[in-house]
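Note sheet for the following structure.
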Amino acid sequence: MTATTLSAATTLDQRLDSAAAGIESKVIDCRRDIHQHPELGNRETRTSKLVADRLKSLGIEVKTPIAHTGVVGILKGGKPGRVVALRADMDALPVVEQVDLPFKSTVKTTFNGQEVGVMHACGHDAHVAILLGVAEVLAGVRDEVPGTVVFLFQPAEEGAPEGEEGGAALMVKEGALDNPKVDAVFGLHVTSRYPVGQIAYRAGAELAAVDSFKIVVHGKQTHGAYPWLGIDPIVVASQIVLGLQTIPSRQLDASLAPSIVTVGAIHGGVRNNIIPDSVEMIGTIRSLDEKMRSDIHARIKRTAEDIATSGGAKADVAITTGYPVTYNDPPLTEKMVPTLKKVTADVITVNPTLGAEDFSFYQQKVPGLFIWLGTRPKNQTAEEAASNHSPLFYVDESGLLLGVRALSHLAVDYLRDISRTRPQ
């Protein structure tokens, strides 16, 4: 690496940081505006328009709609090169906000036939504001960008409404990574698990695959006083619940990767003295290994059906696949870790979590890196801070600037392949 090249790289780094610092207040204002006007998945019309208008004002090519309310921005640099994508999700959750803020959400809407509050309880408002900040920073240095940056503003990360497609899967299906063809993708997620100013990551499997199941146990209705005259699906369902717990705890190699099978709801019966005809249970499956994921599905079906048969009942098992494992490409991660350490000294590696993220659909198509951005106030512990999806979830906005800097540097360093230009 020549002294001239090193000087140019250093100068560009400084310009990125200076530009990011200069728009910090704008990023915070944007986040507060979106927070006060949250929208559920596939219904982010106001947010989508805000994003598209802001990108157009920066001279960035805009493609919309995509995946219902999604927006794709394309920034062509002044020099030829590869294509990198940056992603932000836009949807809120059906949660009534309990945080006392001047920009607190009071929005109400209908979700699954019920009136609900709407809140950015997972921090997607911060993601949108951060990525719009990144777009402004990179637009300001576009002549020095060696390649193309694609901005993916995605709806419905939390799931599409019943009967609709959505999220990252639909973005990919409708060509968000194709024109121009993306070479790598980066994303981040704010979290109260880590303090403000900290970045966390893990190479390989970082978040779990998530699937759902429904099991209907069919028995034979009878009087509660004479159970031998029928087949009790409640007792059989209870045995199935216990049987399912032996799958991760006794049937799988726990040293390979953690997994969870959780029954979240059971419904059956209407009176205390009537054994019902059937019982329905629903639940979630979390796994960090794709082979193990398929194995769990087969074991759930076998366990439920065989236990039901042993009690004279019948079990219908339906498993619906959800998000794949969020898998950070190891070579890409290794290459970009120096960039993370450049923007903050507080970078840690973490254990995988059994939460899930549909960013994984992008990673199935191109190498990707997904990082955690700490936004927990420093005067709170992880145990004291409200978690994502809580009505008390709170984002320390002083951490947003680091998010802008991290994504800006990741994009630029990937495009100029900083690993080749680092001094030996």
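Quick notes
- Odd one out for residue 204, checked against (1) over 30 Å from residue 399 (Cβ atoms); (2) of a type in the set (Gly, Ala, Ser); (3) surrounded by fewer than 18 Cβ atoms within 10 Å (Cβ to Cβ): (1)
- With respect to being open to solvent by less than 40 Å² (accessible area, probe 1.4 Å), part of a strand (DSSP E or B) and either under 21 Å from residue 168 (Cα atoms) or touching a residue at least 24 places away in the same chain (Cβ under 8 Å) (or both), residue 315 fits the description.
- Checking every residue in segment 279-291 against the condition of being open to solvent by 20 Å² or more (accessible area, probe 1.4 Å), in contact with an Asp or Glu (Cβ under 9 Å, 6 or more places away or on another chain) and part of a helix (DSSP H, G or I) gives zero matches.
- Subset of segment 170-194 (residues that are over 30 Å from residue 261 (Cα atoms) and in contact with a Gly (Cβ under 6 Å, 6 or more places away or on another chain)): 185
- Here residue 261 meets each of (1) farther than 22 Å from residue 233 by Cβ; (2) surrounded by 13 or more Cβ atoms within 10 Å (Cβ to Cβ); (3) touching a helix residue (DSSP H, G or I) at 6+ places or on another chain (Cβ under 9 Å) with one exception, condition (1).
- Set side by side, the residues 298, 237 differ, and just one is open to solvent by less than 50 Å² (accessible area, probe 1.4 Å), part of a helix (DSSP H, G or I), more than 16 Å from residue 354 (Cβ to Cβ) and without any contact (Cβ under 8 Å) to a residue 60 or more places away in the chain, which is 237.
- Some residue of segment 95-106 being small (Gly, Ala, Ser) and at negative phi: yes
- Among the strands (runs of 3 or more DSSP E) confined to segment 326-404, the ones with at least 3 residues that are surrounded by 15 or more Cβ atoms within 10 Å (Cβ to Cβ) are located at 326-328, 368-376.
- Residue list for segment 234-254, restricted to those being modelled with pLDDT of 95 or more and among the small types (Gly, Ala, Ser): 237, 238, 243, 249
The values are calculated or read from the model by the stated rules, or taken from the named source; none is laboratory data. In this text the structure is predicted, and so the values were computed from the model without any measurement. Here Cβ is always computed from backbone atoms with ideal geometry, including for glycine, and neighbour counts include all displayed protein chains. In case anyone asks, the SASA skips ligands and DNA or RNA and just uses the protein heavy atoms, side chains included. Shrake-Rupley method; radii C 1.70, N 1.55, O 1.52, S 1.80 Å.
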